[in-house]
Amino acid sequence: MLDKAWFRLGMDPLELGPLGFRLGRGGAHQSKTMMLTELNTLLAYGRLDGAMRQRLILDENILGKGSAAAKQSVLRQITNLYDLGGAGPVAAGLVVLWPLEREARPLLALLCALARDSLLRDSAAPILATPVGAQVGMTEISATLAEHYPERFSSAMLKSLAQNCASSWTQSGHLKGHRNKSRVHTQATPVVVAYAALLASLAGFGGPALIDSPWMDVLDLSTNERLALLRRAEAQGLLRVRAAGDVVEVVLDPLMARVEAQAAHV
């Protein structure tokens with residue numbers, strides 16, 4: 001089922017899977033968070049094929065898991081959540097951009113996780129609607145998820161889902177606090193905005209709609225701030241920004257060339 005908020009109306013859902021998006025009902029947040037620490041450890045090795053990823057996690061235990069079951073679980077979930085080893089531009093874009101700015105990594109991981117997990121996408125509304133400094137309760141997140149999945153999850157499961165999603169939004173820099181979460185302003189960078197623009201383009205948005213898309217809304221930026229960071233990404237050779245009067249277009253050919261080259265090595 002196509003999520004109308006995150007994907008352009010009229011987009012064929014069958015076209016999104018090969019790009020690296022996941023549209024299924026549910027996802028890794030039924031049992032995990034976005035696992036930023038584990039992802040950072042894995043991507044220190046670059047793009048990994050399945051055999052190498054399995055050896056590092058299961059045999060060498062680079063993620064420090066305490067049991068065989070825990071190692072199997074994290075291997076399965078981190079592969080599902082980030083499509084590691086996949087040829088689609090969603091995953092290839094993450095790998096290309098990951099080394100460029102260390103401070104960009106929490107938001108890069110969140111954006112990729114949003115592309116791959118409908119549960120996390122469905123939890124976004126109450127997070128993004130909360131003013132900076134205000135508290136975000138688990139009940140609001142649980143209620144939002146219950147609306148999206150009526151009668152599917154028990155109250156206990158909804159609470160667990162809300163906690164997992166809130167943890168991911170904390171890892172990304174949108175929330176702070178352990179038991180009581182409060183909203184904070186994220187710190188986007190040119191690399192993050194370039195990845196958000198890539199995902200928005202792949203999701204079918206173009207022109208002004210790309211700049212105003214939900215993928216950009218995640219970054220807590222005004223329209224002028226989005227454009228300013230896109231200009232900085234242009235200076236880094238990641239994209240081009242064309243302006244004609246009040247119309248702005250983002251051309252992603254430079255980044256897509258890197259992404260396609262990366263995907264060709266899979």
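In table form, for the structure just shown:
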{"quantity": "D_trans [Stokes-Einstein, Kirkwood Rh over alpha-carbon pairs] for the range 172-266, 20 °C, 1.002 mPa s, µm² s⁻¹", "calculated": "151 µm²/s"}
{"quantity": "Estimated dipole of the range 24-155 in Debye, rounded to 20 [Cβ of Lys and Arg +1, of Asp and Glu -1, Cα centre]", "calculated": "300 debye"}
{"quantity": "Cα radius of gyration and Dmax for the range 1-130 (Å)", "calculated": "15.0, 46"}
{"quantity": "Accessible area of the chain divided out per residue, in Å², using a probe of 1.4 angstrom", "calculated": "44 Å²"}
{"quantity": "Residue among GLY17, GLY66, GLY93 with the largest mean-square fluctuation in a Gaussian network model of the chain, springs linking Cα atoms under 10 Å", "calculated": "GLY66"}
{"quantity": "Karplus-derived 3J(HN,Hα), 6.51/-1.76/1.60, for each residue of the range 26-36, Hz, glycine and proline x", "calculated": "x, x, 4, 6, 5, 9, 10, 9, 7, 6, 4"}
{"quantity": "Surrounding net charge for THR37, when Lys and Arg each add one and Asp and Glu each subtract one, Cβ distance under 13 Å", "calculated": "+2"}
{"quantity": "Charge tally in the Cβ shell below 12 Å around SER73, where Lys, Arg are +1 and Asp, Glu are -1, SER73 excluded", "calculated": "+3"}
{"quantity": "Loop sites in the range 3-102: chymotrypsin sites (Phe, Trp or Tyr not before Pro), DSSP, at most 15 other Cβ within 10 Å", "calculated": "TYR45"}
{"quantity": "Residues with amide H under 5 Å from that of LEU175, placed H, sequence gap 5 or more", "calculated": "THR170, VAL184"}
{"quantity": "Accessible carbon and sulfur surface of the range 1-121 relative to its total accessible area, %, 1.4 Å", "calculated": "52 percent"}
{"quantity": "Dipole-positive endmost among LEU230, TRP98, PHE7 within the chain (Cβ charges, Cα centre)", "calculated": "TRP98"}
{"quantity": "Zero-based 10 Å bins, Cα pair distances in the chain, whole percents", "calculated": "7, 30, 37, 21, 4, 0"}
{"quantity": "Heavy-atom accessible surface of the range 214-266: percent carbon and sulfur, 1.4 Å", "calculated": "49 percent"}
{"quantity": "Over the chain: helical MRE at 222 nm, DSSP H runs n ≥ 4 each giving -39500 (n - 2.57), nearest 500", "calculated": "-15000 deg cm²/dmol"}
{"quantity": "For the chain, built as a Gaussian network whose Cα springs stay under 10 Å, the top-fluctuating residue of ALA70, ALA92, ALA233", "calculated": "ALA70"}
{"quantity": "Amide H contacts of LYS181 (H built 1.01 Å from N, under 5 Å, at least 5 apart or other chain)", "calculated": "VAL136"}
{"quantity": "Where only C-alpha atoms are counted, convex hull volume of the range 82-230 per residue in Å³", "calculated": "118 Å³"}
{"quantity": "Distance between the range 238-255 and the range 6-36 - C-alpha centres, whole angstrom", "calculated": "26 Å"}
{"quantity": "Amide H contacts under 5 Å for GLY86, placed H, 5+ residues apart", "calculated": "none"}
{"quantity": "Residue of LYS159, LYS65, LYS32 that the Gaussian network model of the chain assigns the largest fluctuation, springs spanning Cα pairs under 10 Å", "calculated": "LYS65"}
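The values are calculated or read from the model by the stated rules, or taken from the named source; none is laboratory data. Since we're looking at a predicted model, the values are computed, not measured. Don't worry about glycine lacking a Cβ; one is built from the backbone with ideal geometry, like all the others, and counts go over all protein chains shown. These area figures cover heavy atoms from the full protein model, side chains too; ligands, DNA and RNA do not enter into them. Shrake-Rupley method; radii C 1.70, N 1.55, O 1.52, S 1.80 Å.
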